[in-house]
1. Would you confirm, using the coordinates I've provided, whether residue B:93 is under 53 Å from the mean Cα position of the chain (by Cα) and surrounded by 10 or more Cβ atoms within 10 Å (Cβ to Cβ)?
2. Among the listed residues B:36, B:43, B:10, B:5, identify the single one that is part of a loop (DSSP other than H, G, I, E, B) and touching a helix residue (DSSP H, G or I) at 6+ places or on another chain (Cβ under 8 Å).
3. On the given criteria, is residue A:112 loosely packed, with under 14 Cβ neighbours inside 10 Å and in contact (Cβ under 8 Å) with a residue 12 or more places away in the chain?
4. Considering every residue within the stretch A:4-17, establish whether at least one is within 20 Å of the chain's Cα centre (by Cα), at pLDDT below 90, in a helix (DSSP H, G or I) and not assigned by TED's automatic domain parsing to the domain that holds residue A:155.
5. Can you name the helices (runs of 4 or more DSSP H) wholly within the stretch A:113-173 that have at least 1 residues being at the interface with chain B (Cβ under 8 Å from one of its Cβ atoms), at negative phi and at pLDDT below 90?
6. Kindly indicate the residue of the stretch A:23-72 that is surrounded by fewer than 17 Cβ atoms within 10 Å (Cβ to Cβ) and under 30 Å from residue A:102 (Cα atoms) and also farthest from the chain's Cα centre (by Cα) among those meeting that condition.
7. Among the residues of the stretch B:56-65, is there at least one that is more than 7 Å from every other protein chain (Cβ to nearest Cβ) and modelled with pLDDT of 85 or more?
């Protein structure tokens with residue numbers, strides 16, 4: 001946990017403190033919302049709503065978890081509400097379908113890798129994205145929290161409201177599906 | 001033959017909680033070691049790629065003009081002015097013309113009534129009026 005993160009406490013936050021909190025966590029919340037929903041506008045809306053709700057509920061924060069985990073929990077609820085909106089399902093699916101190569105194109109180019117190895121890696125990244133977007137909601141959520149947000153099992157359990165063992169089960173299933181997908185593409 | 005690591009055992013490694021048997025196997029089996037390394041690298045790079053892509057998307061979203069409309073060309077401005085003028089004339093005409101028609105109708109009615117009055121108040125038929133004038137002139 002960074003020094004800045006430990007210094008900011010929403011229960012103490014005046015508006016200027018909350019602005020600092022937004023600056024610190026906004027990219028992470030936006031990133032997770034974007035990876036979950038696949039739509040920039042929807043991710044932006046969820047991010048704004050997340051901080052609005054956090055501001056309104058800042059007095060209820062009891063430091064039982066980190067601020068990051070607390071904000072993630074709020075974001076997760078908003079994403080879940082949005083994902084349940086059936087009218088958005090078609091557009092969500094349509095927007096996600098175009099993503100795998102787009103995302104894979106952002107893989108860091110390591111000059112120690114041969115062009116063939118780089119291409120193979122990009123194929124694998126695209127396969128992982130494709131597999132992730134086909135996962136059931138809970139598996140996808142824990143997969144993204146673990147491998148994009150680098151959260152550990154306990155943090156994921158707190159953010160999602162699941163038991164740690166349940167998180168682990170979802171992660172195992174997600175990893176198996178991802179491995180199978182990579183195997184299909186090679 | 002050494003049984004290779006199962007999907008669950010590889011996942012244990014990925015999640016950082018391998019058991020002793022799997023750890024021993026990885027040390028001895030080059031194939032499983034290679035598979036684990038490739039899978040771990042792909043997952044690590046996946047996270048990095050999603051983070052880079054997300055940052056890129058955020059920058060694109062921020063760089064888009066929020067609500068500034070594009071400046072209109074002079075031609076477009078003239079067309080808009082003419083369209084507004086035509087619309088204004090149409091609105092004015094739609095109020096003024098019906099009133100004029102009503103006024104004209106009232107004037108026509110008044111003229112007709114005057115004609116009727118004139119006809120009714122004649123002392124002799126219209127065809128005999130020239131004769132009466134002659135009689136008056138002689139007197």
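The values are calculated or read from the model by the stated rules, or taken from the named source; none is laboratory data. Fair warning: this is a prediction, and the values are worked out from it, not measured in the lab. Quick reminder, even Gly has a Cβ in these numbers, built from the backbone with ideal geometry, and neighbours come from all protein chains shown.
1. Against the criterion (under 53 Å from the mean Cα position of the chain (by Cα) and surrounded by 10 or more Cβ atoms within 10 Å (Cβ to Cβ)), residue B:93 qualifies.
2. One residue alone meets the criteria, B:5.
3. No, not satisfied.
4. Taking the stretch A:4-17 and keeping what is within 20 Å of the chain's Cα centre (by Cα), we get A:5.
Filter once more, keeping what is at pLDDT below 90: A:5.
Now drop any that are not in a helix (DSSP H, G or I), which leaves A:5.
Checking the rest, the ones that are also not assigned by TED's automatic domain parsing to the domain that holds residue A:155 come to A:5.
The answer is yes, given that some residue of the stretch A:4-17 is within 20 Å of the chain's Cα centre (by Cα), at pLDDT below 90, in a helix (DSSP H, G or I) and not assigned by TED's automatic domain parsing to the domain that holds residue A:155.
5. Counting at least 1 such residues, we get A:115-134.
6. Among residues in the stretch A:23-72 that are surrounded by fewer than 17 Cβ atoms within 10 Å (Cβ to Cβ) and under 30 Å from residue A:102 (Cα atoms), the one farthest from the chain's Cα centre (by Cα) is A:23.
7. No, the stretch B:56-65 contains no residue that is more than 7 Å from every other protein chain (Cβ to nearest Cβ) and modelled with pLDDT of 85 or more.
Residue-wise test of (1) modelled with pLDDT of 55 or more; (2) assigned to a helix (DSSP H, G or I); (3) outside the structural domain of residue A:40 (by TED's automatic domain parsing).
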site	(1), (2), (3)
A:76	yes, yes, no
A:90	no, yes, no
A:102	yes, yes, yes
A:108	yes, no, yes
